[in-house]
Each structure stands twice: as C-alpha cells, then as structure tokens.
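One structure is given here, and the rest of the page talks about it.
The values are calculated or read from the model by the stated rules, or taken from the named source; none is laboratory data. All figures in this text were calculated on a predicted structure; none of them were measured in a lab. Note that we place each Cβ from the backbone using ideal geometry, even for glycine, and neighbour counts take in every protein chain shown. Note: areas computed on protein heavy atoms with side chains; ligands, DNA, RNA excluded. Shrake-Rupley method; radii C 1.70, N 1.55, O 1.52, S 1.80 Å.
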Amino acid sequence: MRIADARVIVTCPGRNFVTLKIVTDDGVTGVGDATLNGRELAVAAYLTEHVIPALIGRDPARIEDTWQYLYKGAYWRRGPVTMSAIAAVDTALWDIKGKVAGLPVYQLLGGRSREGVTVYGHANAETVDDVLAEIARYADLGYRAVRVQTGVPGLGTTYGVSKDKLFYEPADAAIASEATWSTEAYLNHVPSVFAQVRAEFGPGLKLLHDVHHRLTPIEAARLGKSLEPYALTWMEDPVPAELQEGFRLIRRHTTTPIAVGEVFNTVWDCETLVREQLIDYIRATVVHAGGITHLRRIFDLAGLYHVRTGSHGATDLSPVCMSAALHLDLAVPNFGLQEYMRHTAETDAVFPHGYRFEGGYLHPSEEPGLGVDIDESLAAEYPYRPAALPVNRLLDGTMHSW
Ligand code: KDG
Ligand code: MG
C-alpha cells in the first residue's frame, strides 16, 4: 500500500481549523489536525509546500520512520509550525493503520487502561456569582472536574473569560486585540473566588485554575500558597515556561500541584520539568507536540517521574485532535485528566465523530481508526477568516511578559 494523495483542508465553521487528509492507493483515508491558533496558514503552507510532495509514494504503515524522516529531514527541528505539521501526518497515519487493522487506535497502543477518560470543563464568568452558576451547570452535566476562571475587578477584560460559555474562543480579531493586566489585582482576587467555590461545592469536585503564563515564579509561588486551603487539582501555566528551572522556585514554596505544557512541542520542552519532578501534570497535546507518536514518548518519560497527563483540549483543537487524544488517554498508564471544551454544532457537523460524553467521562469511538472524519463539501462552505490571539499590557502600557 502507498500514499496516493494528501490534501490540506482549511475551514472556519465558527473558528479556523486546518486538517490534513491522506489517501492511499487502496482508497483508505486518514485525517490529522494541523490547527495552530492564529497561525493556521503557516502550517497549511508547510504541509502543502514541503511535506505533501515527500509523502506521495511512501508506505503509510511506516509511522515511526515517517516521523523521523520529517523531524530529522527538515534540518530545522522543533517549533510549533513544524511540529503541528508532523503531528497532522502522524495522526492521519495512525488513523489509516487502525482502519487497515480493523481496530480502534487505542487497541494498537496497548488497549484500554481505564473505563473512560475523565474530563474537565472550563467554567468562566465575569463575576463570582455567575461563575458559581457555571460550575453548577458543569456539575449538572456530570463533570467531575472544573477549571474556574473569573474576571478581575478593575480590569476590563480577562483572558480565559468570554461571553460564549461552552465554546470559549480567545482569538477575537484579525490583528491581535489588546487587554490590560494587573498582577496585584489578580493575586488579591483569585483566593477569594476559590474560597467561595469550595464553600458552595464542598471537597468532592476537582477544581483547577489556569494562570495563562501571567506571573513570575515568586508571584506564582504566592498564588499557589494562597490556594492551598482549597485543594486545587492543579494550577496551570503559572509562568511562561521557556525557563524550565524557574519552576524550582515555585516548587519550593507550595504544595499546589502544577500543570504545564499546552504550548510545548517536543519532549525537550519539558525534560527538566519532568526529570526534576517540578510539575505534576504534562499538558502537551497531539496536534502541537508531534502527533500520537511523539506525545506518547512525552507521556512515557513523564510516567517515570510521577507526572500524569492533562492534555490541552480547548476549542481550537479540532475534533480530529480530540479523537486522537482520547485513544492515547485511554491507553497510557499515567493518565490524569483531559480538557474537554465543547465545539459548536457547526464544527461538530464538519467533523463527524464517534466519541461521546457520559457521566464525566469521554469515550473514544470503537470504529476502526480514530473514528472521526471531515465533511469536505461542508467544510468548503466556511472560508478561512483571520483571527489572532490577544496581547496584554500592564496598566502603565508596558507589554506584559506573557
Ligand atoms: O489557542 C489558545 C487556547 O487554546 C488557550 O489559551 C486555552 O489556555 C487554554 C486552555 O488551557 O484551554
Ligand atoms: Mg491553558
């Protein structure tokens, strides 16, 4: 069997998605997510111009060899554009392998290690009263874990808080919009939010919080310490993570668990964090970290050091990525949590999929392969619309480090 065709599909059913479809000479198809929020066309061009010509005629069964060929062969290793493109190819090849074998992909990864994939929802609202109502809504839907984000008094808008609730979308303008930020206001406000949430929901519900890389290590240490009475499952992305050793300082000061990794592309981005046990959850995901093949490598390293998985699953990760993530989540021994932000009905229609939510768990499709596809004619009805992620300035106009 050989790869006969591969094409990139860019579509915007409410938000932009980039999808790679690979077709074999036997007519078997596989899909891979290649969406990089705000930089979609860079990955589309990387695939179309540089990857697809090299795929035609290759054996689709050689997943590992193709991964190594694309990673090493480019000479320019790593980076979100390269690794999202490699991820798309890798994901599509796992889909094809599953279809050829007649097995769901999780069976090829060693079979199920659990009955379902525990997911968390993203409860967000401007005020504490409104966020309590959002959390109650998630609890009523059966969620066992909820990430809690509110506005900060005195600040106009806050990243992570939006008008849309189940379908949160931060990329809001073709040219990045600008918001303001005050670390002092934020650090003063957040502990009072969690005090009220715990008082209302008791100890049973898993609570999480996303800092969105907005603090320095010592500020993050203070936040973690002030949140200890509320027993969070994790504090996410407390600081920008280019400087992995910065986490040593946070770790020395707080027992609040730390989750990081949604912007990581390779195992090298988290190697110190994992090996020194500076984090508790690694949040890299299929689409941005080199596909199923490389993410499994990251998860296996993490498993050696008591680090569990907590993959990113916001709306900019398409149902193709979510399908792939669920197969891996079901199989790996050190699974922790999976983020599950729902997609709009338009997105779900463009990407027919077989995964389902029940009682706080997601279950991957039992169909051979990943159990997801793209409806290309429907996708063509939604042309690409440029949309970038916002930036933050401090109250005096300084560009924030995040
Ligand atoms: O594209 C960026 C979003 O996916 C991200 O900001 C959302 O932080 C996020 C999360 O954890 O879902
Ligand atoms: Mg996040």
- Message: If I ignore ligands, DNA and RNA and count only protein heavy atoms, how much of residue 167 is accessible to a 1.4 Å probe, in Å² to the nearest 10?
- Response: 80
- Calculate what fraction, in whole %, of the accessible area of segment 76-150 sits on carbon and sulfur atoms when a 1.4 Å probe is rolled over the protein chains. 50
- Taking max minus min of the Cα coordinates of segment 1-154 on each principal axis, largest first, gives extents in Å of 58, 38, 28
- Keeping all protein chains in position, work out how much accessible area residue 300 exposes to a 1.4 Å probe, and write it in Å² to the nearest 10. 80
- Task: Considering only protein heavy atoms, with the full assembly of protein chains and a 1.4 angstrom probe, order 172, 396 by accessible area, largest first.
- Result: 396, 172
- Item | Rounded to 5, the percent of DSSP beta bridges in the chain classed as antiparallel | 45
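By how many nm would the segment from residue 72 to residue 50 lengthen if fully extended, with 0.36 nm per residue of separation less the alpha-carbon distance?
Working: separation 22, 0.36 × 22 = 7.92 nm, distance 1.37 nm.
6.6 nm is the gain from fully extending residue 72 to residue 50.
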- Message: Checking a compactness column here: for the chain, what do you get for Rg(Cα) / (2.2 N^0.38 Å), N being the number of residues?
- Response: 0.95
- Task: Sort 216, 29, 19 from largest to smallest accessible area, using a 1.4 Å probe on the heavy atoms of the protein chains.
- Result: 216, 29, 19
- If you rank 94, 234 by how much accessible surface each has, with a 1.4 Å probe, what is the order from largest down? 94, 234
- Message: Could you report the accessible area of residue 389 in Å², rounded to 10, computed with a 1.4 Å probe on the protein chains as they sit in the structure?
- Response: 60
- At a Cα cut-off below 25 Å, give the lysines reachable from residue 206, other chains included and same-chain residues fewer than 8 away excluded. 163, 165, 225
- Query: If the viscosity is 0.692 mPa s and the temperature 37 °C, what Stokes-Einstein diffusion coefficient in µm²/s follows for segment 227-320 when Rh is the Kirkwood radius over Cα pairs?
  - Reply: 245
- If one computes the Cα centroid of segment 90-159 and of segment 205-240, what distance in Å separates the two points? 19
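Test of understanding: given the chain, find the longest segment containing no GluC sites (Glu not before Pro) that are in a DSSP loop and have at most 14 other Cβ atoms within 10 Å.
After excluding every exposed loop site, the longest remaining stretch is 116-241.
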- Provide the per-residue ³J(HN,Hα) series for segment 362-376, in order, calculated from phi with Karplus coefficients 6.51, -1.76, 1.60 and θ = phi - 60°, each as a whole number of Hz, with x at glycine and proline positions. 9, 10, x, 5, 8, 5, x, x, 8, x, 8, 8, 10, 7, 5
- Message: For a quick check: with amide H placed at 1.01 Å from N, whose amide H comes under 5 Å from residue 147's, ignoring anything fewer than 5 positions away on the same chain?
- Response: 121, 122, 123, 208
- Note on the structure: Non-local residues with an amide H under 5 Å from the amide H of residue 5, with H modelled 1.01 Å from N and Pro and chain starts lacking one, are 23
- Give me the accessible area per residue for the chain, probe 1.4 Å, as a whole number in Å². 39
